[in-house]
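Novice: Following this message is one structure expressed as structure tokens.
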Amino acid sequence: METTSTIISKPKQVLRMYDAPDYIDRYTVILSRRAYPSYRLGTYSYIALNNSPTHPQGFSQWGEGAMPGKHLGKKIAWGDLPQNVQEHIVFRLRGE
């Protein structure tokens with residue numbers, strides 16, 4: 001039986017996504033709003049998560065002060081994120 005996945009549109013708040021598979025916070029999603037003024041220029045708010053952000057042993061955390069770049073992993077497209085991760089990001093941004 002073939003499964004069909006729902007297409008989830010990238011939220012307008014999402015600027016970039018990175019994948020670092022060797023870390024608990026595998027995915028870093030950079031958001032369009034700037035970090036609080038106390039942080040350096042060029043830093044952004046972000047959500048860091050793993051493959052199972054809603055699982056009791058999963059990981060999903062807001063943060064401030066991310067600087068986009070290779071140190072966060074490989075830059076990926078919205079469609080490269082697993083569907084459950086996309087859904088979780090959309091859910092978290094609704095509660096922002």
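Novice: Find out how many positive minus negative residues lie around Lys75, taking Lys and Arg as positive, Asp and Glu as negative, among other residues whose Cβ is under 15 Å from that of Lys75. Show your work: numbers first, answer last.
Specialist: Numbers: positive: Lys10, Arg16, Arg26, Lys70, Lys74; negative: Asp19, Asp80.
Within the 15 Å Cβ shell, the charges total +3.
Novice: Compute the semi-axes of the equivalent ellipsoid of the chain, taking the square root of 5 times each eigenvalue of the Cα gyration tensor, and list them largest first in whole Å. Don't skip to the end; give the middle numbers.
Specialist: On the way: eigenvalues 106, 41, 34 Å².
The equivalent ellipsoid of the chain has semi-axes of 23, 14, 13 Å.
Novice: Let me ask something additional. Given 0.36 nm per residue, what is the gain on full extension from Ile76 to Phe59 after removing their alpha carbon distance, in nm?
Specialist: Taking Ile76 through Phe59 to full extension adds about 4.2 nm, to one decimal.
Bear in mind these aren't lab numbers, they're just calculated from the coordinates by the rules spelled out. If you're wondering where the values come from, they're calculated on a predicted model, not measured in any experiment. Note that each Cβ is placed from the backbone with ideal geometry, even for glycine, and that neighbours are counted across all protein chains shown.
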